[in-house]
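The structure under discussion appears below in the form of structure tokens.
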Amino acid sequence: QWKQLENLYFREKKFAVEVHDPRRISVSRRTFGQSGLVVQTWYANTSLIKSIWVMAISQHQFYLDRKQSKAKIPSARSLDDIAMDLTEMGTPKVSKLVTLEAKNQLIMASNGSLISSGSQDSEVSDEQKKEKIMELKKKEKLLQEKLLQKVEELKKICLREAELTGKMPKEYPLGAGEEPPQVRRRVGTTFKLDDNLLPSEEDPALQDLESNFVIQQKLVEAAKKLASEPDLCKNVKKKRKQEYADAIKKLQEIENSINEYRIKCGKKPTQKSTLTLPGKQ
């Protein structure tokens, strides 16, 4: 019965009702507080518990309003009603339920004031939103860094292509109002193989080695032109000289492989390359 209600409160996922039961009176000397109180507890998710709590408060308020309206209407009272009123007057009321339609609702009870944790939902949700926003911003920063790194790699590739072709590719990334850089085409980066330069050998393996030698010769010539290009900075010039030296070394290795194969087949070795490594000239 509503008149036996003591407290209504909820906290997070817990909804509890304190009911005054005169039949259950504790006789223990260790019992503190009011005797004869029965606590009924339900557990569910926060939103459902909050809805139950609001409905219970509204229903109890309806009971109080109806009780007050009945009290204003004069009517014949029975002996049971008079006895009940005398009993209630003899026992001090220990609970007052106050409902507020504000966001933070408050319950005043005999054991003090219990503040509803309904406002905690909004606080928790705000904290979760802040954490989510921070996490998304962190991911955005990482993606931007990766994007900038890929853009720089694309620029380097486009610059290398422009040095070979003399024309900047359209894929070169440009910012707002940015002009593409001027790139000078490298000298001697293209060559055409003459079919007459390739020796005709009956042995396919030897012919393959001879073809590799001719191709490597052209690569050596191109590397030499690049290394001899004027107006180069110190680092670039050093790098190109090293590339030229590596090309000569590979050419000599191919020539050695040819001579070893010719000796193995009973043929005389040949002297094809007359180039020497830079610094030995």
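The values are calculated or read from the model by the stated rules, or taken from the named source; none is laboratory data. Quantities reported herein were computed from a predicted structural model and do not represent experimental measurements. Ideal geometry is used to build each Cβ from the backbone, glycine not excepted, and the neighbour counts take in all protein chains shown.
The figures follow:
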quantity	calculated
Failed item in (1) among the aromatic types (Phe, Trp, Tyr); (2) at pLDDT below 80; (3) within 16 Å of Ile258 (Cα to Cα), with Phe191 passing the rest	(3)
Tally, over the stretch 223-263, of residues that are closer than 29 Å to Asp203 by Cα and hydrophobic (A, V, I, L, M, F, W, C)	6
Test: residue in the stretch 154-174 that is more than 19 Å from Ile258 (Cβ to Cβ), touching a Cys at 6+ places or on another chain (Cβ under 8 Å), modelled with pLDDT under 85 and of a type in the set (A, V, I, L, M)	yes
The stretch 143-186, residues that are free of Cβ contacts under 8 Å to residues at least 12 places away in the same chain and either surrounded by 12 or more Cβ atoms within 10 Å (Cβ to Cβ) or aliphatic (A, V, I, L, M) (or both)	Leu143, Leu147, Leu148, Ile157, Arg160, Glu161, Pro169, Leu174, Ala176
Condition check for Tyr244: in a loop (DSSP other than H, G, I, E, B) and at pLDDT 85 or above	no
Looking only at the stretch 19-55, and only at residues there that are modelled with pLDDT under 80 and surrounded by 14 or more Cβ atoms within 10 Å (Cβ to Cβ), the one that is nearest to Thr87 (Cα to Cα)	His20
